[in-house]
């Protein structure tokens, strides 16, 4: 059974602490937050709701020795927010399932929620509820709910032959940070920035034809977008994070930049709020899922959770 | 990294398999299911949405040696459906995050989804998406979304002094099953039945003043209901599952029966669809959270995930 957690003597106490730390707003649709069997959300008319879920597990996604509690909390939420950004959505609320390991003391749990709630407040995402359990290693799962005007969610499968392919920012920073463990690249790895404002801009202004976030690496994620859009893609080298290799930029995951397509006639600005938007290629007819880099076939080398490696 | 999974060579392949096995219905509100960054759900007017999330972890909630894959899949969903039942809701869709352990082969994953989807189909709950990962031990987290007419969700905090307290079914069966590992009690433990039809009946016909599901044991769950309702409770012994002890009925978790209150003037039938509804006591003014059993104080002895034991 679970080791005693200093100062966190019961589930009820943690629930009460979180309730006090969490601002819930009925005006923003949350009728009932933490503490009952379910959270209750009242949708607005004319909106579609978006739902994404992501697990973050000790020694799979982070290490206790290198990631602070606040890093883990931030990243857990950032990954879900990035999925909302990819569809052009506004985040509304999240639910957090947390399985605490024997080493998770009260200070760690406090730090975890500090990191998570800091990002949640900034992005106006209410913590609506969750689940508390224990396990040999710490694991958490975050559900994020967002919204878009009805019928406007950006999908992976909407690209058309001839559309231009873009990425935001520079790629490979997270992989470089993971390898080196320091500097701006490390910060990029542990505190990814979900591109929420950019996602809304792509939906409202650019009218992107397809979009997704780069969580598993460009080579694999573009392959997936091509499969969904039933197209192939021809690209040049993407913009590389300073110090990273081209391989890290192509196959390294967790950059959480956005990959999107727009019709060739669309004028896409060179940057949005300081983040470069770079055209890297063109969607083409051809065997669905095929990607070429400077004319040569590009293997989908990104991170697949079920591949041998 | 993850051990090779026979016949499940990639995330893409599992995603495709699940897409084929999953019936999604735009008419039921699911605009976009498995395979994109988010699932897209179109709410109906006039409804509140309910959200619950529950983790199920190897060696915390189940054992590989005693629970079949289908048991684990069934139970993962049943726990979330039970929370929807507790608020009087109709389930709509679920999302499943799955972290596979090295021992999880393709047959196990197939069995897990068979158990889950069997219950999902019966209860008209669409599998809308999820997340796939790996870990040292198998872990899954299920989000279930449900709906009620606006403003009608049954809560824990609505009981009033003088209200009668009821439980459905008999208690202690799951604890007995866990202890003995066989028979009807074991089935009760591994294949709990979410009381969805009863929950709707309590909302629509009985107009229950408060409700919750019995997941952590009557003594702890009634204590929680009393805290939320700012009342105390006086109860007699609840109906006990055949062969179980009174202690198992009071403190054993995972019965997934419903605990509810109704005004003393309400006529509550003795059973609903074959499940007994038994009055066990009365809500009273007094120190919030206090529960007495036959006049003696009852300690909240149910399952608390953070207590030493």
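The numbers here are math on the coordinates, done by the rules we state, and not lab data. None of the values given here were measured: they were computed from a predicted structure. Backbone-built Cβ (ideal geometry, glycine too); neighbour counts: all protein chains shown.
Put in line by how crowded their Cβ is, counting other Cβ atoms within 10 Å and starting with the fewest, A:280, B:165 read A:280, B:165. Segment residue A:191..residue A:21, full-extension length gain: 59.0 nm, with 0.36 nm per residue of separation and the alpha-carbon distance subtracted.
Pairwise alpha-carbon distances in the stretch B:174-309 exceed 25 Å for 25% of all pairs. Placing a label point 7 Å from Cα along the Cα-to-Cβ direction at residue A:273 gives distances to the equivalent points in the other copies of 4.7 nm, listed shortest first.
Here the mean projected area of the convex hull built on the C-alpha positions of the stretch A:59-216 is 10.3 nm². The ellipsoid that matches the Cα gyration tensor of the stretch B:1-147 has semi-axes, each √(5λ) in whole angstrom, of 26, 18, 12, with the longest given first.
Within the stretch B:30-74, the ratio Rg/Rh, alpha carbon atoms throughout and Rh by Kirkwood, equals 1.16. Residue A:66 label point (Cα plus 7 Å toward Cβ) to equivalent points in the other copies: 3.9 nm, shortest first. Spatially, the stretch B:217-265 and the stretch A:71-121 are offset by 33 Å when compared through their Cα centroids.
Each label was represented as a point 7 Å from its Cα along the Cα-to-Cβ direction; for residue B:230 and residue B:160 these points are 1.5 nm apart.
Each copy carries a label point for residue B:28 at 7 Å from Cα toward Cβ; from one copy, the others' points are 3.1 nm away, ordered from shortest. The modelled label-to-label distance between residue A:263 and residue B:28, using points 7 Å beyond Cα along the C-beta direction, is 3.6 nm. Exposure proxy for A:255, A:71, B:221: other Cβ atoms within 10 Å of each Cβ, ordered fewest to most, give A:71, B:221, A:255. Pairwise Cα distances in the stretch A:175-250 exceed 17 Å in 57 percent of cases.
In the protein assembly as shown, inverting the average of 1/r over every pair of distinct C-alpha atoms gives 24.9 Å as the Kirkwood radius. Beyond 38 Å, the tail of the calculated P(r) for chain A holds 16 percent of the Cα pairs.
Relative contact order of chain B, taken over Cα pairs closer than 8 Å and 6 or more residues apart, is 21 percent. In what sequence do A:186, B:74 fall when counting other Cβ within 10 Å, fewest first? Neighbour counts put them in this order, fewest first: A:186, B:74. If you plug the beta carbon distance of residue A:13 and residue A:184 into 1/(1 + (r/R0)^6) with R0 = 51 Å, you get a FRET efficiency near 0.85.
Calculated FRET efficiency, residue A:114 to residue B:270, Cβ-Cβ distance, R0 = 60 Å: about 0.70 to the nearest 0.05. Length available on full extension from residue A:242 to residue A:121: 0.36 nm per residue minus the Cα-Cα distance, which gives 40.5 nm.
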